[in-house]
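Colleague: My questions will all concern the structure given below.
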Amino acid sequence: MAAARGKLFLPGYSATLAKEQPWNKRVATMINTSQLRRLDRDGYIILESLMGTHQISALKEAVERLFAEEGSNAGLEFKQEAGCRRLANLVAKGEVFREVIAHPKVLPWVKAVLGPEFKLSSLNARSVNPNSGEIQPLHADMAAVADEHGYWVCNTVWMLDDFTEDNGPLRAVPGSHRFGKLPQQTLADPRGAHPDEVLITGSAGTVVVMNAHLWHGGLSNRTSRPRTAVHAFYARGDKPQQQYQKELLPPRVQAALPQDLRRLLALDDPLNDELSARVPIQSGFLK
Ligand SMILES: O=C(O)CCC(=O)C(=O)O
């Protein structure tokens, strides 16, 4: 990965191509250049007030209903995590979730990280328990390291509650998406504080777009209320999905999907079938 200092290394954006290719034109017009530089340099950006109150409450209501319905099985299509409640396979579980994955103000940023050929990798929810007592180790999602073609994982964290310093915010090491190494290969204790870490906080309705090679992790919740987020996670087209959507989505849900969502979910993509079928589910740190 050639990440030249001082130069933008975002595969989905090229000032030259912006003149001739519709996608790059769209990036150039929709995306604020200083945010783009921040995404390239730090590995994340914060989109405030992306969700309105109606969308936040609809998502929260759907998430809590699913936690109640799924009980101790919640999250099992992916993995369960100590100190949290998790849900997985959310594309299958309601229109309110399908609206998240193709948001027109978020996808251009995902493209800026992954380039034009990308797909949804998984859609999950994570709610940190009150007084959770657990810290996620610093990790890169799917334990992914950028390869010779560049970045291949991008996550978007949709805050359904305020993220404060006390209730289990994200922490991240800015610039670590460029290290080409995983925290567990380098740090004596990936759960420990890192000298360069920052806390990512924000109000409910904020969406964090994160180059998911970035070293990051959720902190513990020291308050008496849960802290909930939805994670819409994307992968470059030549890599496996974290959760193979074609297998997980019931046929009636697949049949009702419009073409653009079928494409985003890679439902008619033989390469994705080859890459994603029968591949063990890979987390950045959960066994
Ligand atoms: O704070 C969050 O919900 C993000 C947690 C995270 O990084 C993960 O589950 O991989």
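The values are calculated or read from the model by the stated rules, or taken from the named source; none is laboratory data. None of these values were measured; they are calculated from a predicted model. Every residue, glycine as well, gets a Cβ built from its backbone with ideal geometry; the counts of neighbours run over all protein chains shown.
Colleague: Looking only at segment 146-156, which residues are crowded, with 21+ Cβ neighbours inside 10 Å and not in a loop (DSSP other than H, G, I, E, B)?
Modeller: Pass one, segment 146-156, residues crowded, with 21+ Cβ neighbours inside 10 Å: 151-156.
Residues satisfying the conditions are VAL153, CYS154, ASN155, THR156.
Colleague: Taking the options GLY12, GLY6, name whichever one is part of a loop (DSSP other than H, G, I, E, B), on the phi > 0 side of the Ramachandran plot and modelled with pLDDT under 65. Lay out the reasoning, then the answer.
Modeller: On the way: GLY12 fails: on the phi > 0 side of the Ramachandran plot.
The conditions single out GLY6.
Colleague: If only one of SER224, SER220, SER203 is within 13 Å of the ligand (Cβ to nearest atom), of a type in the set (Ser, Thr, Tyr) and modelled with pLDDT of 95 or more, which one is it? Give the derivation first.
Modeller: Values: SER224 fails: within 13 Å of the ligand (Cβ to nearest atom); SER203 fails: within 13 Å of the ligand (Cβ to nearest atom).
The conditions single out SER220.
Colleague: Would you confirm, using the coordinates I've provided, whether GLU64 is surrounded by 14 or more Cβ atoms within 10 Å (Cβ to Cβ), more than 20 Å from the chain's Cα centre (by Cα) and either modelled with pLDDT of 95 or more or assigned to a strand (DSSP E or B) (or both)? Spell out the reasoning first.
Modeller: Working: surrounded by 14 or more Cβ atoms within 10 Å (Cβ to Cβ): yes; more than 20 Å from the chain's Cα centre (by Cα): yes; either modelled with pLDDT of 95 or more or assigned to a strand (DSSP E or B) (or both): yes.
The answer is yes for GLU64.
Colleague: Would you confirm, using the coordinates I've provided, whether LEU219 is more than 24 Å from PRO190 (Cβ to Cβ) and surrounded by 16 or more Cβ atoms within 10 Å (Cβ to Cβ)?
Modeller: On the way: more than 24 Å from PRO190 (Cβ to Cβ): no; surrounded by 16 or more Cβ atoms within 10 Å (Cβ to Cβ): yes.
Spelling it out, it is not the case that LEU219 is more than 24 Å from PRO190 (Cβ to Cβ) and surrounded by 16 or more Cβ atoms within 10 Å (Cβ to Cβ).
Table: residues versus (1) in contact with a strand residue (DSSP E or B) (Cβ under 9 Å, 6 or more places away or on another chain); (2) in a loop (DSSP other than H, G, I, E, B); (3) surrounded by 20 or more Cβ atoms within 10 Å (Cβ to Cβ); (4) free of Cβ contacts under 8 Å to residues at least 12 places away in the same chain.
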position	(1), (2), (3), (4)
LEU199	yes, no, no, no
GLY205	yes, yes, no, no
MET210	yes, no, yes, no
SER224	no, yes, no, no
ALA229	yes, no, yes, no
PHE233	yes, no, yes, no
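Colleague: In a strand (DSSP E or B), away from the ligand (no atom under 16 Å from the Cβ) and within 17 Å of the chain's Cα centre (by Cα) - does that describe any residue in segment 168-187?
Modeller: no
Colleague: Turning to a different aspect of this structure: Within segment 125-145, take every residue that is small (Gly, Ala, Ser) and assigned to a loop (DSSP other than H, G, I, E, B) and give me the one that is surrounded by the fewest Cβ atoms within 10 Å (Cβ to Cβ). Spell out the reasoning first.
Modeller: Just the residues of segment 125-145 that are small (Gly, Ala, Ser), to begin with: 125, 127, 132-133, 140, 143-144.
Cutting the leftovers down to assigned to a loop (DSSP other than H, G, I, E, B) gives us 132-133, 140, 144.
Details: SER132: 22, GLY133: 10, ALA140: 26, ALA144: 21.
Result: GLY133.
Colleague: Separate question: Look through ALA102, ALA112, ALA144 and report the one residue that is touching a residue at least 24 places away in the same chain (Cβ under 8 Å), within 16 Å of the ligand (Cβ to nearest atom), of a type in the set (A, V, I, L, M) and under 23 Å from ALA235 (Cβ atoms).
Modeller: Details: ALA102 fails: within 16 Å of the ligand (Cβ to nearest atom); ALA112 fails: within 16 Å of the ligand (Cβ to nearest atom).
Matching residue, one of ALA102, ALA112, ALA144: ALA144.
Colleague: Show me the helices (runs of 4 or more DSSP H) entirely contained within segment 248-287 in which 3 or more residues are under 23 Å from ASN155 (Cα atoms), in contact with a helix residue (DSSP H, G or I) (Cβ under 9 Å, 6 or more places away or on another chain) and more than 16 Å from the ligand (Cβ to nearest atom).
Modeller: Values: elements: 251-255, 259-264, 270-276.
Filter on segment 248-287 gives 259-264, 270-276.
Colleague: Given the conditions (1) within 16 Å of the ligand (Cβ to nearest atom); (2) closer than 21 Å to TYR44 by Cα; (3) out of contact with any Cys (no Cβ under 9 Å at 6 or more places or on another chain), report the number of the one that PRO130 does not fulfil.
Modeller: Of everything listed in (1) within 16 Å of the ligand (Cβ to nearest atom); (2) closer than 21 Å to TYR44 by Cα; (3) out of contact with any Cys (no Cβ under 9 Å at 6 or more places or on another chain), PRO130 misses just condition (2).
Colleague: Of the residues that make up segment 258-265, is at least one closer than 25 Å to LEU39 by Cα and modelled with pLDDT of 95 or more?
Modeller: In the first step, residues of segment 258-265 are kept if they are closer than 25 Å to LEU39 by Cα; the result is 264-265.
If we keep only those that are modelled with pLDDT of 95 or more as well, we get 264-265.
Scanning segment 258-265, I find at least one residue that is closer than 25 Å to LEU39 by Cα and modelled with pLDDT of 95 or more, so the answer is yes.
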